[in-house]
Amino acid sequence: MPETTSPTDATGSDPQRIGQLLRAKLEQLAAEESALFEASLEPTAPVQYGKRAGDHVAESADRLARSRTAGELEKLEEEVRAGLAKLEAGTYGICEGCQRPIPEARLEVLAWATRCVDCQSSLRR
Ligand SMILES: [Zn+2]
């Protein structure tokens with residue numbers, strides 16, 4: 001049995017399936033972003049000063065949480081796009097940090113991961 005005719009590659013991942021997965025994720029992120037954007041435009045809650053101090057604080061906290069979420073969405077979108085680019089370049093599943101294959105279990109959870117757990121955690125340190 002010649003190894004070259006094996007239907008799956010060494011990692012067992014199907015590039016087409018992963019591509020679909022990443023594109024679906026991008027669409028989902030875009031939908032979340034536009035929903036977030038529309039929510040920020042809605043003039044439903046005019047800011048009323050001079051009521052209770054507690055209200056104002058809550059409003060600011062809410063606004064902060066909202067912008068952080070938008071930033072996270074953007075970051076995630078970048079990561080997914082990077083994953084798609086790698087898929088096209090044929091380097092998908094290779095860690096950017098140590099150039100070793102990213103464990104399949106990690107890619108199952110995080111299909112757009114570009115670094116293995118070790119490199120990712122040393123990056124965030
Ligand atoms: Zn690594």
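Every number here is computed from the coordinates shown, using simple stated rules; none is lab data. Owing to the predicted nature of the structure, the values given are computational and were not obtained by experimental measurement. Note that we place each Cβ from the backbone using ideal geometry, even for glycine, and neighbour counts take in every protein chain shown.
Among the residues of region 107-120, the one identified as of a type outside the set (Asp, Glu), more than 10 Å from the ligand (Cβ to nearest atom) and over 12 Å from the mean Cα position of the chain (by Cα) is Leu107.
Results for (1) exposed (fewer than 13 other Cβ atoms within 10 Å of the Cβ); (2) charged (D, E, K, R), shown as yes or no for each residue.
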{"position": "Lys86", "(1), (2)": "no, yes"}
{"position": "Ala89", "(1), (2)": "yes, no"}
{"position": "Tyr92", "(1), (2)": "no, no"}
{"position": "Pro101", "(1), (2)": "no, no"}
{"position": "Val117", "(1), (2)": "no, no"}
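Can you confirm whether region 68-76 contains a residue that is within 13 Å of the ligand (Cβ to nearest atom) and of a type in the set (Ser, Thr, Tyr)? No, because not a single residue in region 68-76 is within 13 Å of the ligand (Cβ to nearest atom) and of a type in the set (Ser, Thr, Tyr). If I filter region 84-101 down to residues being in contact (Cβ under 8 Å) with a residue 60 or more places away in the chain, within 15 Å of the ligand (Cβ to nearest atom) and of a type outside the set (Ser, Thr, Tyr), which single residue comes out as farthest from Gln16 (Cα to Cα)? Among them, the one singled out is Pro101. Among residues of region 108-119 that are of a type in the set (A, V, I, L, M), those with a beta-carbon under 9 Å from a residue that is near the ligand (Cβ under 8 Å from one of its atoms) and in a helix (DSSP H, G or I) at least six positions away or on a different chain give the pairs Ala113/Gln120. Against the conditions (1) more than 11 Å from the ligand (Cβ to nearest atom); (2) within 11 Å of the chain's Cα centre (by Cα), Glu104 satisfies every one except (2).
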